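**Student:** Got a structure here, written out as structure tokens. Questions coming.
The values are calculated or read from the model by the stated rules, or taken from the named source; none is laboratory data. Since the model is a prediction, treat every value here as computed from it, not as a measurement. Neighbour counts are summed over all protein chains in view; Cβ atoms, including those assigned to glycine, are modelled from backbone coordinates with ideal geometry.
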Amino acid sequence: MKKEDRKLFSHRFHEESIFVHTTDEDLNPWDRTRIVAVLVNETGISYQLADKISEEIQTTVFSSGIRVVTSELVRELVNAKLIEYRFEKARERNKRLGLSLHDVEGLLRFSATHYPGPVPSPAGTGMIMSDVLKRQFALSDIYPAHLHRMHLEGRFHVHGLSTPDRPWKVYLNAGDLLKFSYGVGGLVLEKPGTPECFIGNFQKLNALLSGFVGNGVHWIGIEEALLVLGTSDEELPDQCAELVQSSMIALSAVQKGTARTFHFSRPQVIQRVISRMREEKILNAIITTESENWFSSPFLVLNNKVPKETTYILEAISLNLPGLAIRSIVEDTTPEVELKRLMAKALAVFARKRVFLEKVSAVRPGGPLDLLNHLGFNPSLSPCVIAVCGLNEWSRVLLDGDMDEGPDRFTRADEFLSTIRRQVSEESERGKIKLFLGTVDQGEAVYRFARLDLKFQPFYASRVLNGEIRDGSVYYTRDAALPSDKPLDINRKCEIEGTFQRKFDLPFRTVLKYLDPEQLPVSHFTETLQHLLLTQDFSICYNCFIMESGVYQTCPKCHSTEVATYSSGCEGYECALGQTRTEGMENSRFFFY
């Protein structure tokens, strides 16, 4: 071929000398028609505009001197062109989710520090990255801009953002397992005919459900199921204790969501389970019971409002009550008007989550939620939870930052909580989405709300939030609790929070640390409170593995300094070493009796 003829084909060889490194680790020659196809299929713009954009990107790439480009870079160039042509919606549909190299390196090195799990491991880093991607997907695809903006601004907090493809929580009746059989891949669960078979199925499902439920699993009806299978009253306590111990051991290797709640009603069963938990140092299980069976123990939670049947909770949203009060003052409205607006947006979020989960659960057989479908999951019939955050600071905002413990503060808070209760009931009765006024783990929400309100409305927020502004350790009070910086009589505290708890379908937990359980008058709590945890801190020596009540810097047995303190949190006992400064300051506000 002559030199002149070779020039005619030089552009072709120039194009083929540039390669694209794709996300599936493949290397392909440059081909701008791929850009055209992606734009037309993923964004819906016209072929003519897609062809024009691809030509402009090709010119940019060829003139840069790059020989190997990544698909991420090509997508960034495409998105820049879409912005230039003012196709913002098309850019949203075309954007890629992910993390920067700096963020990934930080997670690989420090994930156990920033996101402590029960047993930190490199595998947990992948779960954290997955959560980040799912949050990005939920905010980009499931919820439209006007809804996810409400979350980002701190008007409310959507708790299931990192688990948009599964229900947020489940109260699962163990009696449903008596007729349950399931087999997919290597998992085979036969219908149990004996207590031993039932316990084996229970252990497997208890571990599996961490991947199917976002927040946690609350087991009910265990005693009744074992009795149906022939367990005697004498054998029941030991079998229940064995079930809890073996289930939590099997679950202990899971990085996130390992806490489980077990509800028991028979005093002899509760005594044996609690004794086994203390002996085996099982700190990530929560045992609950009703008032008539409750006694003072750091391992036993009083809870009078537990659903008796299997109930799946689709989603949970916490309302920022201090921010709502600040907005009502700034915009010269009333808290009731702002509440109505906020509730309407929360209902829209629930509707979007329900539609998406209906699509996911519709993939049958062998779909992502196939196991839950066999366990009775139905997104259309599942309720959602409205939670409140910062009722304490809400009342202080309206009282101009007043810390007075007088009747006005409690009366106004009680009246507004009744208004929230009424709106939740009215919306639920309309039948579109069943709602519960309930409680959630607000560890992230209380910090986000306080930080964002301090940023956008510092005059009002700085007067009512808790913590240290100078180092960013600020937070609001969780749920509807009304803690005080002044001494408050224990009977008065129980009376106030008991009044608030009765308005909740799933009441928030009152947490009290105590020093001497033998001196506690149990009637103070069982007569007024619906949900209570009387707890104390523990110290565990990692040299001789002795667990003692109280906080120690050196082991009282072997005098080793390798001692870790555990305090009760929302997911069972947590090591104080893994707590952030904000969590440590918040826990220090618990009352001592």
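**Student:** Please list, ordered by first then second residue, the pairs with beta carbon atoms under 8 Å, 6 or more apart or interchain, first in segment 406-433 and of a type in the set (Gly, Ala, Ser), second in a helix (DSSP H, G or I).
**Tutor:** If the second residue must be in a helix (DSSP H, G or I), the pairs left are Ala413/Leu391; Ala413/Asn392; Ala413/Trp394; Ala413/Ser395; Ala413/Phe500.
**Student:** Further, regarding this structure: So, in segment 400-431, of the ones that are closer than 22 Å to Arg352 by Cβ and not in a helix (DSSP H, G or I), which residue ends up modelled with the highest pLDDT?
**Tutor:** My answer is Arg430.
**Student:** Okay, moving on. Can we say Leu398 is in contact with a helix residue (DSSP H, G or I) (Cβ under 6 Å, 6 or more places away or on another chain), within 30 Å of Gly183 (Cβ to Cβ) and of a type in the set (A, V, I, L, M)? Walk me through it before giving the result.
**Tutor:** Values: in contact with a helix residue (DSSP H, G or I) (Cβ under 6 Å, 6 or more places away or on another chain): yes; within 30 Å of Gly183 (Cβ to Cβ): no; of a type in the set (A, V, I, L, M): yes.
Answer is no for this residue.
**Student:** In segment 168-203, what residues are assigned to a helix (DSSP H, G or I), in contact with a Leu (Cβ under 9 Å, 6 or more places away or on another chain) and either assigned by TED's automatic domain parsing to the domain that holds Val440 or in contact (Cβ under 8 Å) with a residue 40 or more places away in the chain (or both)?
**Tutor:** Selection gives Ala174, Asp176, Leu177, Leu178, Pro195, Ile199, Phe202, Gln203.
**Student:** Something else now. Closer than 27 Å to Val522 by Cβ, part of a helix (DSSP H, G or I), of a type in the set (Ser, Thr, Tyr) and over 23 Å from the mean Cα position of the chain (by Cα), is that true of Ser296?
**Tutor:** Spelling it out, it is not the case that Ser296 is closer than 27 Å to Val522 by Cβ, part of a helix (DSSP H, G or I), of a type in the set (Ser, Thr, Tyr) and over 23 Å from the mean Cα position of the chain (by Cα).
**Student:** Now, a different point. Since Leu133 meets every condition but one in (1) in a helix (DSSP H, G or I); (2) outside the structural domain of Thr231 (by TED's automatic domain parsing); (3) buried (at least 19 other Cβ atoms within 10 Å of the Cβ), which condition does it not meet?
**Tutor:** So Leu133 meets the others, but not (3).
**Student:** Examine segment 528-543 for a residue that is of a type outside the set (Ser, Thr, Tyr), at pLDDT 70 or above, surrounded by fewer than 18 Cβ atoms within 10 Å (Cβ to Cβ) and over 28 Å from Tyr447 (Cβ atoms), and state whether such a residue exists.
**Tutor:** Yes, segment 528-543 has at least one match.
**Student:** Let me ask something else about it. Looking at segment 215-227, can you tell me whether even one residue there is surrounded by 20 or more Cβ atoms within 10 Å (Cβ to Cβ), among the polar types (S, T, N, Q) and either closer than 14 Å to Leu243 by Cβ or in contact (Cβ under 8 Å) with a residue 40 or more places away in the chain (or both)?
**Tutor:** Yes, segment 215-227 contains at least one residue that is surrounded by 20 or more Cβ atoms within 10 Å (Cβ to Cβ), among the polar types (S, T, N, Q) and either closer than 14 Å to Leu243 by Cβ or in contact (Cβ under 8 Å) with a residue 40 or more places away in the chain (or both).
**Student:** Turning to a different aspect of this structure: If Thr510 satisfies all but one of (1) touching a residue at least 40 places away in the same chain (Cβ under 8 Å); (2) buried (at least 21 other Cβ atoms within 10 Å of the Cβ), what's the number of the condition it fails?
**Tutor:** Evaluating Thr510 over (1) touching a residue at least 40 places away in the same chain (Cβ under 8 Å); (2) buried (at least 21 other Cβ atoms within 10 Å of the Cβ) leaves (1) as the failure.
**Student:** For segment 33-48, what are the residues that are outside any helix (DSSP H, G or I) and surrounded by 15 or more Cβ atoms within 10 Å (Cβ to Cβ)? Working first, answer last.
**Tutor:** Start the filter on segment 33-48 by keeping residues that are outside any helix (DSSP H, G or I), which leaves 44-46.
Listed by number, the list holds a single entry, Ile45.
**Student:** Another question, then. Checking the structure you have, find out if any residue of segment 173-189 is crowded, with 16+ Cβ neighbours inside 10 Å and under 29 Å from Ser318 (Cβ atoms).
**Tutor:** Within segment 173-189, one or more residues are crowded, with 16+ Cβ neighbours inside 10 Å and under 29 Å from Ser318 (Cβ atoms).
**Student:** Related question: Quick one: which residue in Asn304, Asn320, Asn373, Asn378 is touching a Gly at 6+ places or on another chain (Cβ under 6 Å) and either of a type in the set (Lys, Arg) or closer than 24 Å to Gly216 by Cβ (or both)? Let's see the steps before the verdict.
**Tutor:** Details: Asn304 fails: touching a Gly at 6+ places or on another chain (Cβ under 6 Å); Asn373 fails: touching a Gly at 6+ places or on another chain (Cβ under 6 Å); Asn378 fails: touching a Gly at 6+ places or on another chain (Cβ under 6 Å).
Exactly one residue qualifies, and that residue is Asn320.
**Student:** Select from segment 439-479 the residues that are among the small types (Gly, Ala, Ser) and touching a strand residue (DSSP E or B) at 6+ places or on another chain (Cβ under 6 Å) and list them in ascending order. Full working, then the answer.
**Tutor:** Taking segment 439-479 first, the residues among the small types (Gly, Ala, Ser) are 443, 445, 450, 461-462, 467, 472-473.
Across segment 439-479, the qualifying residues are Ala445, Ala450, Gly467, Ser473.
**Student:** Next question, about the same structure. Between Pro517, Pro507, Pro487, which is at pLDDT 80 or above and not charged (D, E, K, R)?
**Tutor:** On the way: Pro517 fails: at pLDDT 80 or above; Pro487 fails: at pLDDT 80 or above.
Result: Pro507 is the single residue among Pro517, Pro507, Pro487 that is at pLDDT 80 or above and not charged (D, E, K, R).
**Student:** For segment 550-567, check the following and say yes or no: at least one residue is farther than 30 Å from Gly472 by Cβ, at pLDDT below 75 and of a type outside the set (Phe, Trp, Tyr).
**Tutor:** Yes, there is a match, as at least one residue in segment 550-567 is farther than 30 Å from Gly472 by Cβ, at pLDDT below 75 and of a type outside the set (Phe, Trp, Tyr).
Results for (1) closer than 20 Å to Glu279 by Cβ; (2) assigned to a strand (DSSP E or B); (3) in contact with a Ser or Thr (Cβ under 6 Å, 6 or more places away or on another chain), shown as yes or no for each residue.
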residue	(1), (2), (3)
Cys544	yes, no, no
Tyr552	no, no, yes
Ser560	no, no, no
Ser568	yes, yes, yes
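**Student:** Checking Ile66 against (1) assigned to a helix (DSSP H, G or I); (2) surrounded by fewer than 16 Cβ atoms within 10 Å (Cβ to Cβ): exactly one of these is not met. Which one?
**Tutor:** Condition (1) is where Ile66 drops out.
**Student:** For the condition among the small types (Gly, Ala, Ser), in contact (Cβ under 8 Å) with a residue 24 or more places away in the chain and assigned to a helix (DSSP H, G or I), what is the one hit in Ala325, Ala387?
**Tutor:** Numbers: Ala387 fails: assigned to a helix (DSSP H, G or I).
Sole residue among the options that is among the small types (Gly, Ala, Ser), in contact (Cβ under 8 Å) with a residue 24 or more places away in the chain and assigned to a helix (DSSP H, G or I): Ala325.
**Student:** Does any residue in segment 547-564 that is over 18 Å from Gln536 (Cα atoms) come within less than 9 Å, Cβ to Cβ, of a residue that is among the charged types (D, E, K, R) and surrounded by 13 or more Cβ atoms within 10 Å (Cβ to Cβ) six or more places away or on a different chain, and which pairs are these?
**Tutor:** Within 9 Å, the pairs are Lys557/Glu548.
**Student:** Would you check if Ala346 is surrounded by 12 or more Cβ atoms within 10 Å (Cβ to Cβ) and within 21 Å of the chain's Cα centre (by Cα)?
**Tutor:** yes
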